[in-house]
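Colleague: Let me begin by handing over the structure; questions about it come next.
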């Protein structure tokens, strides 16, 4: 069997990475979300969750992820320590899921939504990198609608490479400033070229 094409979907906060992944999934791709992996890793009682709880001195409870975010985005040293725990475990899980996808015949692509792809220097694992970009005022509004503040947006973006730089380092760039129809058209164009 041919190797499954590995595609990374990256981009800034609230740029539309998840929407692009959903469109790939509709076209038969095996889609993985790093956020979903992290949620799983931080489930109460897991080894990773216990390590994070010890590191930050907070209890594993209902608002665990929210409390983690509140703490680490205000303390860059703590964020680095958290990432030393989460990133290797997340990358290991991605590789495990890739092996799983290879055993199945019905997938066209292996697509991973990975916001910090370039920041953690993981781009070499992928055959294709797609950056999703959106105008900052629009991204901020989307982020706010998701229940976050503008301050949250600014704090989190400080941790990320500017989207323009990500775009330059990518194989494809999708601009998500318009409608879902426009987004679908761009994704279909990329699919035709792959």
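The values are calculated or read from the model by the stated rules, or taken from the named source; none is laboratory data. Remember, it's a predicted structure, so these values are computed and weren't measured experimentally. Glycine gets a Cβ as well: all are built from the backbone with ideal geometry, and neighbour counts include every protein chain shown.
Colleague: Every residue in the stretch 184-194 that is part of a helix (DSSP H, G or I) and either more than 12 Å from residue 130 (Cβ to Cβ) or out of contact with any helix residue (DSSP H, G or I) (no Cβ under 7 Å at 6 or more places or on another chain) (or both), please.
Modeller: Those that are part of a helix (DSSP H, G or I) and either more than 12 Å from residue 130 (Cβ to Cβ) or out of contact with any helix residue (DSSP H, G or I) (no Cβ under 7 Å at 6 or more places or on another chain) (or both): 184, 185, 186, 188, 189, 190, 191, 192, 193.
Colleague: Could I ask something else about it? Inside the stretch 47-60, can you point out the residues that are under 12 Å from residue 89 (Cβ atoms) and surrounded by 15 or more Cβ atoms within 10 Å (Cβ to Cβ)?
Modeller: 48, 49, 51, 52
Colleague: Residue under question is residue 104, and the condition is that it be in a helix (DSSP H, G or I), touching a strand residue (DSSP E or B) at 6+ places or on another chain (Cβ under 9 Å) and under 23 Å from residue 25 (Cβ atoms); does it hold?
Modeller: no
Colleague: Only residues that are assigned to a helix (DSSP H, G or I) and out of contact with any helix residue (DSSP H, G or I) (no Cβ under 7 Å at 6 or more places or on another chain): list them for the stretch 112-151, please.
Modeller: If we filter the stretch 112-151 for residues that are assigned to a helix (DSSP H, G or I), which is where we start, we get 123-125, 136-145, 150-151.
If the condition is that a residue be assigned to a helix (DSSP H, G or I) and out of contact with any helix residue (DSSP H, G or I) (no Cβ under 7 Å at 6 or more places or on another chain), then 123, 124, 125, 136, 137, 138, 139, 141, 142, 145, 151 are the ones that fit.
Colleague: At pLDDT 90 or above, outside any helix (DSSP H, G or I) and surrounded by fewer than 16 Cβ atoms within 10 Å (Cβ to Cβ): does that describe residue 28?
Modeller: yes
Colleague: Looking at 94, 37, which is the one that is assigned to a helix (DSSP H, G or I) and touching a strand residue (DSSP E or B) at 6+ places or on another chain (Cβ under 7 Å)?
Modeller: 94 is the lone residue from the list that is assigned to a helix (DSSP H, G or I) and touching a strand residue (DSSP E or B) at 6+ places or on another chain (Cβ under 7 Å).
Colleague: Among the candidates 43, 49, which residue alone is out of contact with any strand residue (DSSP E or B) (no Cβ under 6 Å at 6 or more places or on another chain), without any contact (Cβ under 8 Å) to a residue 12 or more places away in the chain and farther than 19 Å from residue 194 by Cα?
Modeller: 43
Colleague: Something else: Within the stretch 44-53, is there a residue that is farther than 20 Å from residue 170 by Cα and either assigned to a strand (DSSP E or B) or within 11 Å of the chain's Cα centre (by Cα) (or both)?
Modeller: There is no residue in the stretch 44-53 that is farther than 20 Å from residue 170 by Cα and either assigned to a strand (DSSP E or B) or within 11 Å of the chain's Cα centre (by Cα) (or both).
Colleague: When you scan the stretch 77-90, do you find a residue that is touching a helix residue (DSSP H, G or I) at 6+ places or on another chain (Cβ under 6 Å), part of a loop (DSSP other than H, G, I, E, B), within 20 Å of residue 152 (Cα to Cα) and at pLDDT below 95, even just one?
Modeller: No, because not a single residue in the stretch 77-90 is touching a helix residue (DSSP H, G or I) at 6+ places or on another chain (Cβ under 6 Å), part of a loop (DSSP other than H, G, I, E, B), within 20 Å of residue 152 (Cα to Cα) and at pLDDT below 95.
Colleague: Residue 101 is checked against (1) closer than 27 Å to residue 165 by Cβ; (2) surrounded by 17 or more Cβ atoms within 10 Å (Cβ to Cβ) and fails just one. What number does that condition carry?
Modeller: Just one mismatch for residue 101, condition (1).
Colleague: Kindly evaluate residue 113 against the criterion of being out of contact with any strand residue (DSSP E or B) (no Cβ under 8 Å at 6 or more places or on another chain) and either at pLDDT 90 or above or surrounded by 13 or more Cβ atoms within 10 Å (Cβ to Cβ) (or both).
Modeller: Values: out of contact with any strand residue (DSSP E or B) (no Cβ under 8 Å at 6 or more places or on another chain): no; either at pLDDT 90 or above or surrounded by 13 or more Cβ atoms within 10 Å (Cβ to Cβ) (or both): yes.
The answer is no for residue 113.
Colleague: Inspect all residues belonging to the stretch 116-128 and state whether any of them is surrounded by 15 or more Cβ atoms within 10 Å (Cβ to Cβ), modelled with pLDDT of 90 or more and more than 30 Å from residue 191 (Cβ to Cβ).
Modeller: No, the stretch 116-128 contains no residue that is surrounded by 15 or more Cβ atoms within 10 Å (Cβ to Cβ), modelled with pLDDT of 90 or more and more than 30 Å from residue 191 (Cβ to Cβ).
Colleague: Could you tell me which residue of the stretch 12-25 is nearest to residue 158 (Cα to Cα), considering only residues that are in contact with a strand residue (DSSP E or B) (Cβ under 9 Å, 6 or more places away or on another chain) and surrounded by 20 or more Cβ atoms within 10 Å (Cβ to Cβ)?
Modeller: The extreme case among them is 12.
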